[in-house]
Amino acid sequence: MNKSIVLGLLMAMLVPTAAFADGHVSLGGDVRLRYEYSDAAALDAGLTARTYINLGAKIDDNTSFMSQVRHGYAFSSGGGTTDNYDIQQAYLSIADMGAMAGFLGGWSMDIGRMNNPKLGSGRIVNSADWNSDAAGPNNHDGFKLSTDLGGVDFDLYRWGGNDNSDDSAMIFNFGLGEMAGFADIGFYYATASAAAATEDPSWMAFNVNNIGGDALMGIDIDVEYATFDADAGGEDGTLTSVSVGYTLDQFNLSFSNSVTDADWAGINNDPHGTHGIADLFNGADLDNTTIGVSTDGLMEGVGVTLNYITIARDSDGADLGSEIDLILDFSCGQLGYASFSADDAGLTDTDYLYWQSSYDF
């Protein structure tokens, strides 16, 4: 990207959110600065910036348009500075398609380029907007249809390659909402295909959150179970996750365990922080146990989170290592520190530190 475009993006940071044409057009965005340090050779740490400029337009009471330009910049990349610019999102939204045809009443549609949804824990599909690299958050070109079928929320996602190839994915997402009574229950099924592959993998996932609701006196229990069929013979991969949270005075206590077997794979990589903020692990054959505590009451204006994480291989039970994460949240940003102690001979002890600050304009 040339300097004039970079300058234009920086100048846009000085423009407050504006409304034009009697409120039918809006302009805004945000900028995120982050400094990272790690003694792990695999992480190209340093100072990065990510800027979004958002343009919204209300076409009429039933139709709107949203576009989002993304600029990422790495000031101290190992190979020199890196600079990338892309259209992150650009889609049309129709609030009620009944205006087009009566039998479509109650259905809404988004069509264009959109960020991937985060379904359940995000272990299958997510947008993963932690990154500042050229790839950016996970997005897709396609459409989303949504409706409320008598208390059951339903979303249909369909996306594919820009060249009309058979690179594609389809997701059916159901949420039972208040119908479940004792918990928030969700179910989704996803399929994918690739132009260069003969297999058509699929995923099926159940999420049961806030089991017992308010009846468990501050205890929050969430369960997730998912299967992966590679469509290539052999065994299906599985993911199982259980988490328990409890509020005690000003402290929030948490415990979780998640297991993926050796045959597991997702559409996208695990979201940032799934296995500790140093992000040393991802995907299959992982047994993760996390114990944590968080509070906003120790220091005024500062939130504190402390997690202890152990990672093992599911296939043979071998310990890979443990990580301690300390995260401080301020009104102006977030400071995080991770210390990983390796138990496996193929891994090394790692220290990781970051400071991140975000600003809306």
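At a temperature of 10 °C and a viscosity of 1.306 mPa s, determine how fast region 241-313 diffuses translationally according to Stokes-Einstein, using the Kirkwood radius over alpha-carbon pairs as Rh; express D in µm²/s, rounded to the nearest whole number. Write down the numbers at each step before the final one.
Working: Rh = 13.6 Å.
Stokes-Einstein gives a translational diffusion coefficient of 117 µm²/s.
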Whole-Hz couplings from phi, Karplus 6.51/-1.76/1.60, listed for region 337-350; x for Gly and Pro: 9, 10, 10, 9, 10, 7, 10, 9, 5, x, 10, 10, 4, 9
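Suppose the chain between residue 334 and residue 231 were pulled fully straight at 0.36 nm per residue; how much longer would it get relative to their current alpha carbon spacing?
Details: separation 103, 0.36 × 103 = 37.08 nm, distance 4.22 nm.
Gain in length upon complete extension: 32.9 nm.
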Of all accessible heavy-atom area on region 212-361, the percent that carbon and sulfur account for (1.4 Å): 53 percent
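For residue 316 and residue 238 in the same chain, what is the full-extension length gain: residue separation times 0.36 nm, less their Cα-Cα distance, in nm? Numbers along the way, then the final one.
On the way: separation 78, 0.36 × 78 = 28.08 nm, distance 1.58 nm.
So the chain would gain 26.5 nm between residue 316 and residue 238.
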log₁₀ of I(q)/I(0) at q = 0.13, 0.21, 0.24 Å⁻¹ - region 283-361, Debye sum with one point per alpha carbon: -0.52, -0.96, -1.09
Probe 1.4 Å, protein heavy atoms only - accessible area per residue of region 251-337 in square angstrom: 46 Å²
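Order the following by accessible area, largest value first: 118, 58, 144. Probe radius 1.4 Å; ligands, DNA and RNA are ignored. Working shown, then result.
Values: 118 135, 58 95, 144 55 Å².
Accessible-area ranking of 118, 58, 144, largest first: 118, 58, 144.
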Full-stretch length increase - residue 254, residue 341 - with 0.36 nm per residue and alpha-carbon distance subtracted: 29.2 nm
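Quote the Stokes-Einstein diffusion coefficient, in whole µm² s⁻¹, for region 213-338, based on the Kirkwood radius over alpha carbon pairs, a temperature of 20 °C and a viscosity of 1.002 mPa s.
On the way: Rh = 16.2 Å.
D, rounded to a whole number, is 133 µm²/s.
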Estimated distance in nm for a label pair at residue 86 and residue 65, the labels positioned 7 Å out from Cα along Cα-to-Cβ: 2.3 nm
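Explain nothing, just the number: dipole magnitude of region 185-330 about its Cα centre with +1 on each Lys and Arg Cβ and -1 on each Asp and Glu Cβ, in debye rounded to the nearest 20.
Working: 1 positive and 25 negative charges, 54 e Å.
Charge dipole of region 185-330: 260 debye, to the nearest 20.
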Point-to-point label distance, residue 296-residue 24, nm (Cα→Cβ direction, 7 Å offset): 4.0 nm
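With Kirkwood's inverse mean 1/r over C-alpha pairs for Rh, give me the Rg to Rh ratio of region 210-275, two decimals please.
On the way: Rg = 15.6 Å, Rh = 14.0 Å.
Computed over Cα atoms, the ratio is 1.11.
The values are calculated or read from the model by the stated rules, or taken from the named source; none is laboratory data. Note that the structure is predicted; figures quoted are calculated from it, not measured. Quick reminder, even Gly has a Cβ in these numbers, built from the backbone with ideal geometry, and neighbours come from all protein chains shown. For accessibility, only protein heavy atoms count, side chains too; no ligands or nucleic acids. Shrake-Rupley method; radii C 1.70, N 1.55, O 1.52, S 1.80 Å.
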